[in-house]
Amino acid sequence: MIDVNWDRLASLCSTAIAAAGGDDATAAALTDAAIAAERRGNAAVGVAHLFDYLDALRNGRLNGKPRPVVRHDRRAVVTVAADDGIAQLAFEAARSGLVAAAQECGIAVLSISGAFTVGELGYYTSEMATDGLVALAGANSPALMSVYGAPAAVTGTNPFSFALPGRPTPRIIDQASSAVAWVRIRDAAAAGEPIPAGWALDADGAATTDAAAALLGPLLPFGGVKGSNIAVVIELLSVLSGASFSMDAPDFASGKEPPRVGLFLAAMDPTAFASDYLDRVEDHLQRLHTRFGIDFGRHLPLVKQLRLPESIIARLESSAVPINDR
């Protein structure tokens, strides 16, 4: 592990994205999201996940020069066709209109379609919370998970996230509908380590603790039928404006076809409901913490000094070199 300067990391990330075929806007949005995940200690969807984007850019699954199309046909509805680009860029294109609509109407909903997988979903809700809004979001992905006992992948890991404006930072929850994130099984397989029972099935639909076998089969939802219900609800909301259902979306990690999945985000202005809402919520959450040790959406301190494996930095440095110069 080595210490990494934040500015150097940002430079390496943006240069690597450009070398893979991303334009300036894509590089800026994707770098910001990757570093935000690292600062929150969410390394699985930080720099390590950036390599999935780089591979997709090189192989045509991700449009590195998209032109997101924003529509605002109704006062509280904002839609974005992501043009096979990153969801983060589509979000940035819609952000000002979404905030204005939520402040005017009290609530507004964003629906993104035709995007690459969303990365850290908490990125979107936390950005809304910094704008003073309460946010609830969900997203689908290519099929990776069984639901209702199906022996094959039916839906994505379909994360959901909730964020509140807070002091000193937003309170955020961000979790998958699966028992575990897919990247954790991939990492276990790469390390030759087993996985706990209840995480996944193998290619034949049988329970397994072999991470390599699990990569050939579906993940399992948390909470059985209840987790299955949540995953399907998130998918139905994620395809509001025309995104692909998970079963129809090509694999985001291989091939040349873009996944074209979706994201929805409901943004609420708490002052439209009660001027003291955030103070009351903060007092209540502090009471839960004091009496029972419950720390909902806890205020995690941001990572000040980042340490990354040398192999990650070496790979990022190599990726930052244009293909013709390697």
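The values are calculated or read from the model by the stated rules, or taken from the named source; none is laboratory data. Bear in mind the structure is a predicted one, so any value in this text is a computation, not a measurement. Methodologically, a virtual Cβ is constructed for each residue, glycine included, from the backbone with ideal geometry; neighbour enumeration extends over all protein chains shown. Keep in mind that these areas ignore ligands, DNA and RNA; they rest on the heavy atoms of the full protein, side chains included. Shrake-Rupley method; radii C 1.70, N 1.55, O 1.52, S 1.80 Å.
Results for (1) in contact with a Cys (Cβ under 8 Å, 6 or more places away or on another chain); (2) closer than 23 Å to VAL261 by Cβ; (3) open to solvent by less than 10 Å² (accessible area, probe 1.4 Å), shown as yes or no for each residue.
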{"position": "LEU9", "(1), (2), (3)": "no, no, yes"}
{"position": "GLY41", "(1), (2), (3)": "no, no, no"}
{"position": "LEU50", "(1), (2), (3)": "yes, yes, yes"}
{"position": "TYR53", "(1), (2), (3)": "no, yes, yes"}
Q: Test ASP187 against the criterion of being more than 19 Å from THR125 (Cα to Cα), in a loop (DSSP other than H, G, I, E, B), charged (D, E, K, R) and open to solvent by 60 Å² or more (accessible area, probe 1.4 Å), and give yes or no.
A: no
Q. If you take the residues in segment 251-267 that are in a loop (DSSP other than H, G, I, E, B) and in contact with a Ser or Thr (Cβ under 7 Å, 6 or more places away or on another chain), which one is surrounded by the fewest Cβ atoms within 10 Å (Cβ to Cβ)?
A. ARG260
Q | Identity of the residue in segment 281-311, open to solvent by 80 Å² or more (accessible area, probe 1.4 Å), in a loop (DSSP other than H, G, I, E, B) and not hydrophobic (A, V, I, L, M, F, W, C), that ends up nearest to ARG8 (Cα to Cα) | A | GLN305
Q.
Can you confirm whether ALA129 is out of contact with any Phe, Trp or Tyr (no Cβ under 8 Å at 6 or more places or on another chain), without any contact (Cβ under 8 Å) to a residue 12 or more places away in the chain and surrounded by fewer than 24 Cβ atoms within 10 Å (Cβ to Cβ)?
A. no
Q. Restricting the search to segment 241-250, which residues are out of contact with any helix residue (DSSP H, G or I) (no Cβ under 8 Å at 6 or more places or on another chain) and either within 13 Å of ALA115 (Cα to Cα) or crowded, with 22+ Cβ neighbours inside 10 Å (or both)?
A. SER241, GLY242, ALA243, SER244, ALA249, PRO250
Q) Quick one: in segment 132-167, which of the residues that are part of a loop (DSSP other than H, G, I, E, B) and among the β-branched types (Val, Ile, Thr) is surrounded by the fewest Cβ atoms within 10 Å (Cβ to Cβ)? A) VAL154
Q | Complete set of residues in segment 95-125 that are assigned to a helix (DSSP H, G or I), in contact (Cβ under 8 Å) with a residue 24 or more places away in the chain and surrounded by fewer than 24 Cβ atoms within 10 Å (Cβ to Cβ) | A | ARG95, GLY97, VAL99, ALA101, GLN103, GLU104, CYS105
Q) Among the residues of segment 56-87, how many are of a type in the set (Val, Ile, Thr) and open to solvent by 30 Å² or more (accessible area, probe 1.4 Å)? A) 4
Q: Can you confirm whether segment 168-178 contains a residue that is among the hydrophobic types (A, V, I, L, M, F, W, C), open to solvent by 30 Å² or more (accessible area, probe 1.4 Å), touching a strand residue (DSSP E or B) at 6+ places or on another chain (Cβ under 8 Å) and at pLDDT 90 or above?
A: yes
Q: Quick one: in segment 200-236, of everything that is of a type in the set (D, E, K, R), in contact (Cβ under 8 Å) with a residue 12 or more places away in the chain and outside any strand (DSSP E or B), which residue is surrounded by the fewest Cβ atoms within 10 Å (Cβ to Cβ)?
A: ASP204
